[in-house]
Amino acid sequence: MLKKRLIPKLIFKVKEIGQEKYPVIVTTKNFKNIKFVGDPISQAKIFESQLTDELLLVNMDSLDLDNNQFLLDYYKEFSNKIFMPLTIGGGVKNIGSFKKLLKNGADKVCLNTAAIENPEIVSGASKIFGSQCVVVSIDFKKIDKDYLVFYRNGKINSKKLLFEWIKEVENLGAGEILLTDIDKDGMSDGLNIEVAEKVSNSSKLPIIMSGGCGVAQHFVDAFKNTKIEGIAAGNFFSFRDQNIHQARSQILNNGIELRK
Amino acid sequence: MGFESEIVQTPNKLIDSDKIIFPGVGAFSNVMKIIENNKWDEVLKKKIFNDKVSVLGICLGMQLLCRESIEHEKKSGLNIFDIGVKKMSDHIDSNKFKLPHIGWNSVQIKKNSILFDGIKNGSDFYFNHSYGILDLDKNVDCVTNHEIDFASVISYKNIFGVQFHPEKSLDDGKILLKNFITKV
């Protein structure tokens, strides 16, 4: 049977020191309080050896892919060194972005702001490249009683209701949905189980939940109480005090199937 | 992995190759149109039928070797295998089993295959697809389950198709690729 997925989320910024450019992983709290934590490729090698299932690599600067050979070359280098399924996001703005990323190492392409500003990119990419490589990332926050969708790195309130936007994205032809609770991001006090449960029960698409993983038990709680297919975690995997092998054992011991 | 390989951009370059690996990410009808427009299909068929070159089709590559697929429209494939490719959501309860079929799933060996030399039965490989081979009566070596059984490995003599991505499936994937290159 299909196993549940643990997906390290590598959010990175490109740092410039003199003439040199360096991609560096960052962690965030509520999408702010940026801390630099390390080199994406060396981190990814650790995740590869510890049997995590896929990698999510997102450029927080949303750098334009059109005139950025540096970034495309970096993605190519990354995918040549890391043999894990790779989802790349950040700065996707049209079909051309999909083409460039898929050509330079992405197995799946993740888009967030572009889906809201130009929803036809989702349907277009799905027809040309197949829905299995179209991941729509949705960031949300609870305002009063409603869950609302935010974009542009969580800065702008789209005024769209979360559950309605998810249905729309499904109809547009997305293959997978990545949900991030902005208020839980970096707080290490657990995922948003209420939203995960509601969405995974009503959507036909695989759902990846993100935001709030602090300890292995958070993964167990989410997999046991919802039908989500995977969990993407940034801080959990970046800070060395959480051991991936231990987390996998705890998840497996609770009867949740992970890959052998 | 230590073997000489080349990513081929034009059909002419295929003429000298010993073995062909046919990977795939994309939509069936779109890619078939590109294949036909650039005459890849003629060269591929010649290599397979005349020169008896070994071929490994991966994911969409496997599906393209089949008779036809129904994506946004019914489209013929290369017809190396007389098998149809179907939309899985037409045959699976998508309220219980999500599609696309994305993630790690076990491959059950039904017929011994040289590709699986050294790989345990039931090993997990990485899948990412919405379409699959649901008719299991011809050429099927391995099956995988996602509510229903579908073909994860098909073969005929030295032509192979795998629905999963061995190049993304770590150690077992590397063993499978090595087997294709050294033992087929």
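Each value in this text was obtained by applying a stated rule to the coordinates, not by laboratory testing. Predicted model, so just to flag it, every value in this text is computed and none were measured. Positions of Cβ are backbone-derived with ideal geometry, glycine not excepted, and every protein chain shown enters the neighbour counts.
Points worth noting:
- Among the residues listed as A:T113, A:T87, the single one being over 24 Å from B:F127 (Cβ atoms) and among the hydroxyl-bearing types (S, T, Y): A:T113
- Condition check for B:V53: away from chain A (no Cβ under 14 Å), surrounded by 15 or more Cβ atoms within 10 Å (Cβ to Cβ) and in contact with a Pro (Cβ under 9 Å, 6 or more places away or on another chain): no
- Any hit, the range A:85-96, residues being under 23 Å from A:I251 (Cβ atoms), touching a Phe, Trp or Tyr at 6+ places or on another chain (Cβ under 8 Å), within 14 Å of chain B (Cβ to nearest Cβ) and not aromatic (F, W, Y): yes
- Qualifying position, being within 30 Å of B:S29 (Cα to Cα), within 14 Å of chain B (Cβ to nearest Cβ), among the small types (G, A, S) and in contact with a Phe, Trp or Tyr (Cβ under 6 Å, 6 or more places away or on another chain), among A:A174, A:A106, A:A125: A:A125
- The range A:17-74, subset charged (D, E, K, R) and without any contact (Cβ under 8 Å) to a residue 24 or more places away in the chain, residue surrounded by the fewest Cβ atoms within 10 Å (Cβ to Cβ): A:E20
- Residue match in the range B:89-99 (condition: among the basic types (K, R), free of Cβ contacts under 8 Å to residues at least 12 places away in the same chain and surrounded by 22 or more Cβ atoms within 10 Å (Cβ to Cβ)): yes
Residue-wise test of (1) over 19 Å from A:I7 (Cα atoms); (2) of a type in the set (K, R); (3) buried (at least 23 other Cβ atoms within 10 Å of the Cβ).
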site: A:D146; (1), (2), (3): yes, no, no
site: A:Y151; (1), (2), (3): yes, no, no
site: A:I166; (1), (2), (3): yes, no, yes
site: A:G175; (1), (2), (3): no, no, yes
site: A:L191; (1), (2), (3): no, no, yes
site: A:A196; (1), (2), (3): no, no, yes
site: A:S203; (1), (2), (3): yes, no, no
site: A:S210; (1), (2), (3): no, no, yes
site: A:G214; (1), (2), (3): no, no, no
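- Residue match in the range A:163-177 (condition: outside any helix (DSSP H, G or I) and acidic (D, E)): yes
- Residues of the range A:33-56 classified as at positive phi and either of a type in the set (A, V, I, L, M) or within 12 Å of chain B (Cβ to nearest Cβ) (or both), total: 1
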